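What follows is a short report on a single structure.
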Amino acid sequence: MNDLSQNSKPGTKNFLIVAGEASGDLHGANLVRELLALEPNIRFSGMGGDMMKDAGVDVLHHVREMAIVGIFEVINKLPLIRKAMKDMENLMDIIKPEVVVLIDYPGFNLRLAKKAKARGIKVVYYVSPQVWAWHKSRVKTIARVVDKMMVVFPFEVRIYEKVGVDVEFVGHPLMDSVPAGFDRDEIRGSLGFGRADTVIGLLPGSRKREVESLLPEMLEAARLISKKINGAKFAIPVANTLDVEYIKGFTDGVDLDLSVFKGNTYDVMAAADLILIASGTATLEAAIVGTPMVMTYRMAPLTYFIGRRLVNLEFGSLPNIIAGKGIIPELVQGDATGERMAEECLNILEDKKRSEEMKKDLRKVRDTLGGPGASKRAAEIVYKTLQIAN
């Protein structure tokens with residue numbers, strides 16, 4: 001942390017920015033670029049990933065270390081989490097930021113918000129914790145420690161207004177990143193697929209635990225699908241938080257027409273007739289692209305048991321939650337098997353009417369997310385907060 005402790009040039013504004021997952025890294029990078037367009041003399045330090053680093057953030061802890069799912073994984077990584085928290089505290093004391101920007105990742109970021117608030121630093125939260133799903137008590141905590149909440153779903157505004165939080169809907173930042181219009185045939189050609197091919201995308205998640213749990217079952221589903229659909233082709237876009245060789249450890253020797261790409265996630269989504277996808281932000285990305293999908297997820301039995309008692313939602317995927325109905329199939333825990341995945345995928349692939357209806361419903365989901373420009377609108381709000389802080 002020595003280089004961060006050096007004095008910046010006169011006029012430099014110091015920001016602490018923290019994201020703990022791959023999606024937060026993407027949103028953080030876009031926000032940083034928009035803020036630098038408004039004020040080039042901001043220096044960003046904190047926690048993030050390669051995209052935030054490329055945007056100009058001095059990253060002390062990488063998202064690949066910090067992305068954690070499940071009770072037992074949290075326990076195993078407690079020493080790392082505590083060290084990261086201590087480092088962020090020390091960083092605040094060294095750089096004395098005008099503003100702290102926190103992106104999702106509530107278990108960590110709400111604790112950090114308390115520490116920033118105790119130091120008299122303005123706290124802006126971008127991408128609200130999913131308080132509408134669980135931990136509703138966090139709303140009151142947020143009211144105490146967050147100066148400005150920027151939400152990405154319209155229905156979140158009233159949740160915060162009820163407890164007096166200064167809240168604003170900025171639209172979803174994915175609308176700036178995910179292409180909603182594209183030439184499908186051109187994208188297929190760039191990936192090596194033909195116009196008439198049946199292409200299924202396999203997206204097992206951005207964390208190793210997710211991949212280890214889901215990818216073997218996805219590959220079994222792919223094997224069963226290829227028996228029913230002659231010439232079916234499969235594509236895996238490898239998340240930025242994972243190595244291609246790690247994924248190939250699962251796919252090498254598998255008798256499938258299978259391509260593995262580093263990145264290219266949106267291209268694969270756009271090229272595919274159907275996506276078999278892990279629960280999470282990626283389902284919303286696929287909804288924006290407009291490709292039919294089947295969501296699946298597995299977690300440790302105890303984590304699932306506890307989670308079902310904490311979460312008060314009928315659905316588990318973001319497209320279904322936003323729509324308020326079951327647009328896409330959800331295969332969770334015992335249903336997340338290769339056989340069930342193949343069954344649901346084939347039901348959609350072999351029913352053109354159902355596929356078109358799903359596309360129509362996904363377009364409605366996309367339309368609720370606001371137009372492009374969420375990152376710019378968020379940056380303008382953060383910039384106003386900076387002006388107030390000074």
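The table below lists the values:
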{"read-out": "Sequence of Asp267, Asp183 from largest to smallest accessible area, 1.4 Å probe", "value": "Asp183, Asp267"}
{"read-out": "√(5λ) per eigenvalue of the Cα gyration tensor, the stretch 169-230, largest first, Å", "value": "26, 22, 9"}
{"read-out": "Cα lying deepest toward the dipole's positive end in the chain, options Leu318, Thr281, Val170, charges on Cβ", "value": "Val170"}
{"read-out": "Solvent-accessible area per residue, Å², over the chain with all protein chains present [probe radius 1.4 Å]", "value": "44 Å²"}
{"read-out": "Mean separation of Cα contacts under 8 Å (6+ apart) over length of the stretch 152-225, as relative contact order %", "value": "16 percent"}
{"read-out": "Among Leu38, Ile236, Leu215 - extreme Cα towards positive end, dipole of the chain, charges at beta-carbon", "value": "Leu38"}
{"read-out": "Residue-wise HN-Hα coupling along the stretch 41-58, computed from phi with Karplus coefficients 6.51, -1.76, 1.60 (Hz; x: Gly, Pro)", "value": "8, 8, 10, 9, 9, x, 10, x, x, 4, 5, 5, 4, 5, 6, x, 8, 6"}
{"read-out": "Cα shape, the chain, gyration tensor, a/c 1.5 rule", "value": "prolate"}
{"read-out": "Protein accessible area in the chain, 1.4 Å probe - carbon and sulfur %", "value": "48 percent"}
{"read-out": "Accessible area in the full protein assembly, largest first, 1.4 Å probe, for Arg144, Arg223", "value": "Arg144, Arg223"}
{"read-out": "Spin-label model distance (nm) - Leu38 vs Ile388, 7 Å beyond Cα toward Cβ", "value": "1.2 nm"}
{"read-out": "Helix-derived mean residue ellipticity, 222 nm - over the chain, DSSP H n ≥ 4, -39500 (n - 2.57), to 500", "value": "-15000 deg cm²/dmol"}
{"read-out": "Size of the stretch 70-225 as Cα extents on the principal axes (Å, biggest first)", "value": "60, 37, 32"}
{"read-out": "Among the listed pairs Lys86/Lys117; Lys262/Lys376; Lys96/Lys117; Lys13/Lys384, those beyond 18 Å (Cα-Cα)", "value": "Lys262/Lys376"}
{"read-out": "Check: the stretch 116-242 dipole with +1 on Lys, Arg Cβ and -1 on Asp, Glu Cβ, in debye", "value": "560 debye"}
{"read-out": "Ranked order, Asp147, Asp176 - accessible area, probe 1.4 Å, largest first", "value": "Asp176, Asp147"}
{"read-out": "Long-range HN-HN contacts of Ala278 with modeled amide H, under 5 Å", "value": "Leu203, Gly205, Thr296"}
{"read-out": "Glu186 paired with Lys117, simple spin-label distance in nm, labels 7 Å along Cα-to-beta-carbon", "value": "4.9 nm"}
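The values are calculated or read from the model by the stated rules, or taken from the named source; none is laboratory data. Every value quoted in this text rests on a predicted model; they were computed, and no experiment measured them. With ideal geometry, Cβ positions are generated from the backbone for all residues, glycine too; neighbour counts draw on all protein chains shown. Only protein heavy atoms, including side chains, enter the accessible area calculation; ligands, DNA and RNA are left aside. Shrake-Rupley method; radii C 1.70, N 1.55, O 1.52, S 1.80 Å.
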